[in-house]
Ligand SMILES: C[S@@+](CC[C@H](N)C(=O)[O-])C[C@H]1O[C@@H](n2cnc3c(N)ncnc32)[C@H](O)[C@@H]1O
């Protein structure tokens with residue numbers, strides 16, 4: 001399987017932290033507020049999984065999915081380092097295959113900086129699959145670049161500039177597709193989910209990233 005992140009997996013976390021002056025890390029960590037011991041938590045496109053290891057430390061059971069062997073190796077090293085003897089279910093493969101084969105539902109499904117690796121025509125289908133993994137009382141957490149359409153033109157310009165620089169880097173390094181910043185709220189509503197909590201994360205005072213927690217609108 002092609003590993004688009006092979007060249008950057010060694011410094012991916014460091015690069016994203018330096019680039020955002022720590023805001024991406026804080027955005028990823030927002031999900032920790034939702035974790036309770038014993039939960040089943042699934043990370044799609046887990047990457048190095050720094051925050052997934054924290055979730056394991058908190059006593060939750062982890063399932064992680066990624067196409068990148070090098071990213072999954074980094075994740076496994078991190079998990080081994082904390083020496084918890086906590087096993088994680090690791091799925092090395094494409095998320096669409098995971099959706100087809102998965103029979104479980106999760107208390108928490110996490111897609112941090114994951115949906116933005118898909119082109120515009122594909123992202124809604126991947127989001128739909130992500131939501132389908134969520135149990136009746138479950139939650140989903142999505143962290144990503146943020147474009148607040150209600151903020152001033154200058155702030156929106158800076159948000160787009162921030163996205164475009166990152167997009168160019170990841171286009172060159174990992175062949176990511178070109179598209180605008182995704183805002184998920186309307187799609188989530190269309191699929192029966194509602195944003196219950198959210199937090200934005202600033203770089204030099206400008207909100208550049210947002211993490212949202214969504215739940216099913218109507219629970220059976
Ligand atoms: C931008 S990185 C985000 C990593 C991490 N979630 C984070 O918060 O930084 C995207 C990750 O998704 C993985 N990925 C890309 N396409 C995928 C697919 N079709 N199925 C599963 N994982 C995929 C990549 O290998 C990479 O680790």
MRE, 222 nm, helices only [DSSP H, n ≥ 4, -39500 (n - 2.57), over the chain, to nearest 500]: -11000 deg cm²/dmol
P(r) tail fraction, the range 26-141 - alpha-carbon pairs more than 25 Å apart, %: 14
R0 of 22 Å, Cβ-Cβ distance residue 128-residue 178: FRET efficiency to nearest 0.05: 0.50
Among 134, 102, 27: highest mean-square fluctuation, GNM of the chain, C-alpha pairs under 10 Å: 102
Of 38, 205, 129, the one that fluctuates the most in a GNM where the chain has Cα springs shorter than 10 Å: 205
Cβ-derived FRET efficiency at R0 41 Å, residue 218 paired with residue 151, nearest 0.05: 0.80
Ranked 140, 195, 82, criterion: other C-beta atoms within 10 Å, fewest first: 82, 195, 140
Compactness of the chain, expressed as Rg and Dmax over alpha-carbon positions, Å: 16.5, 50
Cβ-based exposure ranking for 30, 118, 11, in which fewest neighbours within 10 Å come first: 11, 118, 30
Most fluctuating residue given options 121, 61, 179, as computed from a GNM of the chain linking Cα atoms under 10 Å: 121
The chain, relative contact order [Cα under 8 Å, separation at least 6], %: 21
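Values quoted throughout were computed directly from the atomic coordinates according to the rules given, and no laboratory measurement underlies them. All values derive from a computational prediction rather than experimental measurement. Cβ sites come from the backbone with ideal geometry, for glycine too, and all protein chains shown count toward neighbours.
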